[in-house]
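The values are calculated or read from the model by the stated rules, or taken from the named source; none is laboratory data. It should be emphasised that the depicted structure is a prediction, and the values quoted were computed from it without experimental measurement. Cβ: placed from backbone, ideal geometry, glycine included. Neighbour counts: every protein chain shown. Each accessible area value is taken on the protein alone, full model and side chains, heavy atoms only, with ligands, DNA and RNA left out. Shrake-Rupley method; radii C 1.70, N 1.55, O 1.52, S 1.80 Å.
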Amino acid sequence: MNLLRSLALIGLFLAPPALADAAGDLVFAERGPWDLSAAPLVWTIDRKGPEAQGFAPQGQGTVTLRQITDPSDGQPALQLDEATARINRKIGPFPISAGDPALTFFLETVTRDMAALTGGSPFYIRNRLKDALFRGGKVAEADGQKVASFRPFADDPNHARMLGFESLTLRFVLDQPNRPIRRMLAETGPLAGGKPAYRNEMVLQ
């Protein structure tokens, strides 16, 4: 499944279950409706890890969330532009009324990268990430900001097959609930066979 089709399934990450803990509530706070008519939002990105079939570390670049006019109906919509040395693409459109396209992009990228580096099922990985984000996080304070952290695979029954991704930690540095997430980080320890750790970071400028 390509990234555009995956992101079209935005509800897989953004539709919360009836029970969510404080960390999940902070990460999935309602940030719409969006008004980016004055200026876009820009995150710097940095993705690192071992080369593998289906995964090529993109290195540094940007992800820009901008407001556009949806050509299908002429209404305001959102679009993501990803730009690195290896790739330039536009993803969308997304509705301005709800959801967080940047968060969904980050989580879906982690899902696809982990699936490529471990040979695991993206459907299983996506479901485990969603479950952990809604039910298993911790909240701390750092420099006056809330930081929500998650270890989605630490106790997974299939951790022996995860080739180092059982150490995956997700961290989100949060502003006010209705403001964009300032920093999103996914990182592991060294992967199986002495391969370099995986790291995926987005930082709001």
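Across all Cα pairs in the stretch 82-151, the calculated P(r) in 5 Å bins from zero up to the longest distance comes to 3, 13, 16, 20, 19, 17, 10, 2 percent per bin.
Per-atom-type breakdown for the stretch 18-204 gives carbon and sulfur 50% of the accessible area (1.4 Å probe, protein chains only). Relative to the longest principal axis of the Cα atoms of the chain, helix 122-135 runs at roughly 80 degrees.
Couplings 3J(HN,Hα) for the stretch 50-65, derived from phi with the Karplus relation 6.51 cos²θ - 1.76 cosθ + 1.60 (θ = phi - 60°), are x, 5, 7, 4, x, 9, 10, x, 7, x, 8, x, 9, 10, 10, 9 Hz, where x marks Gly and Pro. In the context of the full set of protein chains, residues of the chain present 49 Å² of accessible surface per residue (probe radius 1.4 Å, heavy atoms only). Accessible surface comparison of Val139, Val203, probe 1.4 Å, protein chains only, largest first: the order is Val139, Val203. Each of Pro190, Gly144, Thr104 was scored by the projection of its Cα onto the charge dipole of the stretch 62-205, and the greatest displacement toward the positive side belongs to Pro190; charges sit on the C-beta of Lys, Arg, Asp and Glu.
For the stretch 18-204, the spread of Cα coordinates along the three principal axes comes to 50, 37, 31 Å, biggest extent given first. On a 0 to 90 degree scale, rounded to 10, what angle separates helix 101-118 from the longest Cα axis of the chain? Here the helix axis deviates by roughly 30 degrees. Sequence-ordered 3J(HN,Hα) estimates for the stretch 87-100 from the Karplus curve with 6.51, -1.76 and 1.60 and θ = phi - 60° stand at 8, 9, 8, 10, 10, x, x, 10, x, 7, 6, 7, x, 9 Hz, glycine and proline given as x.
Over all other residues within a Cβ to Cβ distance under 14 Å of Thr64, the charged ones net out to +1, with Lys and Arg as +1 and Asp and Glu as -1. A helix-only calculation puts the chain at -7000 deg cm²/dmol for mean residue ellipticity at 222 nm, using -39500 (n - 2.57) for each DSSP H run of at least four residues, averaged over all residues. One decimal place: the segment Glu187-Asn158 gains 8.6 nm when fully extended, by the rule 0.36 nm per residue minus the C-alpha distance.
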